[in-house]
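Down below is the structure, laid out as structure tokens.
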Amino acid sequence: MRLPALGLACSMLFAACSTAPTPADTSGAAAQDAATHPAACSGPGKSAAPGIAPFEPQGLTVPSGFHIQTIARIDGARELAALTDGDLLVGTGGNQVYIVPNAEAANGQPAGAPRVFATLSDGQAEGVAFAAERCEIFIATTGAVWSVPYHSGDLKAESVRRIARVRTGPVAPSSDGDIHTSTSVAYSHGMVYASVGSSCNACTEVDPTRASILQMKPGGADLTKRATRIRNGIAIFTDPASGDVWVGGAGQDNLPFRHPYEFLDDVSSHAGVADFGWPDCEENHVAYVSGSDCSKTVAPLVELFAYSTIIGAAFYPVHQTGPYAFPAPYRGGIFAAAHGSWHTTNAGASAAPSQVAFVAMNGDAPKVPVDWQTPTKQWSTFVGGLQEAGTQRRGRPTGVAVGASGSLFVADDQNGLVYRIRP
């Protein structure tokens, strides 16, 4: 039986709740939460100018039987969210979210030219999520979570409403300057989840919203903590079959080579506030700070190399339909975008390559359990060729999403590109 998500009320947990959105920010939130939203998000249709002709990116590789094409150019492309009409939302490192109309265009046909979907009054509008059952888009920036009503064919947000604030407290006094400022967002079972990075590489936070996953109702009410002590859980995503919320965590620097591994884990499988142990504990209850009690910390389900920096991830739906649906071996699996490492080996090569990895799954469990000595047993490279010799890269993948017609989309913030992969 899946245990319910638990957490302390905002008034008990967050000393900074006095800086929560003003009544003007959340007016009508209760009514909105209770409203019945149409399943189809029907809209008036759209008209979009064609974008670039799709082309094969030089040097990138995918498994036999697939092809990869570049379909859009968007500077600083980060997280992705696919919409039910075949459009694609693209979060960025700036204060704007873009939309690629008709990203699921037929082979050989261009997608629509990217255009600004929403402009936020806060930076790093990287996090995007689509709640189809509510016809609502959620955006996460450095300091807030925002809500946008959506109708099929919308090419511009009709309104943008802040529903919650994050990073409401100060940087840790013991911060080493490695301050993470991005926020990611997901939606599942009537709740919004925001993953907020830490204010250091290794410290004790004083802001309870940092290094955490927060959950809230779609209007921003009942903000609570769902997971804690995650240095930077940039990838947060939902299994469409179970509704479980997963996180991809970037572990701390300056520890033994290839340890601690960076992980993917099912947050929903843990009762209460899931404790991932950072910076005291990592991996399989391993203490990296002398005297730490790691017996109750999470031992993640999937592990990649240390310093992989997992930016985005997505489950491929088991029952995906459409002309570009992937074959059976990929159904139900996870595609994870590893941004790659700035750390180098003694030979001067990157400690972890840029790639998109594939993890075969059986529901919310990996088909191959963790081998804490050889994490490569759990996954294989799906998009390769991004890492050249030494530390040179052809690209750095970020967001991942599965389109309405079955295509896999991958963003690349080094080149400002969006790739589309199909059988």
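The values are calculated or read from the model by the stated rules, or taken from the named source; none is laboratory data. Remember, predicted model here, so these are calculated numbers, not experimental data. Virtual Cβ from ideal backbone geometry, glycine too; neighbours counted across all protein chains shown.
Summed over segment 342-365, the residues that are modelled with pLDDT of 75 or more and either assigned to a strand (DSSP E or B) or of a type in the set (D, E, K, R) (or both) give a count of 9. The sole residue among Glu79, Glu133 that is within 19 Å of Pro218 (Cα to Cα) and among the acidic types (Asp, Glu) is Glu133.
Those strands (runs of 3 or more DSSP E) of segment 187-259 in which at least 1 residues are modelled with pLDDT under 95, considering only elements entirely within it, cover 245-249. If the condition is being in contact with an Asp or Glu (Cβ under 6 Å, 6 or more places away or on another chain) and in a strand (DSSP E or B), then segment 398-423 contributes Thr398, Gly399. When you scan segment 291-299, do you find a residue that is buried (at least 21 other Cβ atoms within 10 Å of the Cβ), at pLDDT 95 or above and hydroxyl-bearing (Ser, Thr, Tyr), even just one? Yes, because at least one residue in segment 291-299 is buried (at least 21 other Cβ atoms within 10 Å of the Cβ), at pLDDT 95 or above and hydroxyl-bearing (Ser, Thr, Tyr).
Checked against the criterion of being farther than 26 Å from Pro323 by Cα and touching a strand residue (DSSP E or B) at 6+ places or on another chain (Cβ under 7 Å), the candidates Val62, Val97, Val90 yield just one match: Val97. Just so you know, in segment 113-134 the residues that are in a loop (DSSP other than H, G, I, E, B) and under 17 Å from Thr398 (Cα atoms) include one that is nearest to the chain's Cα centre (by Cα), and it is Glu126.
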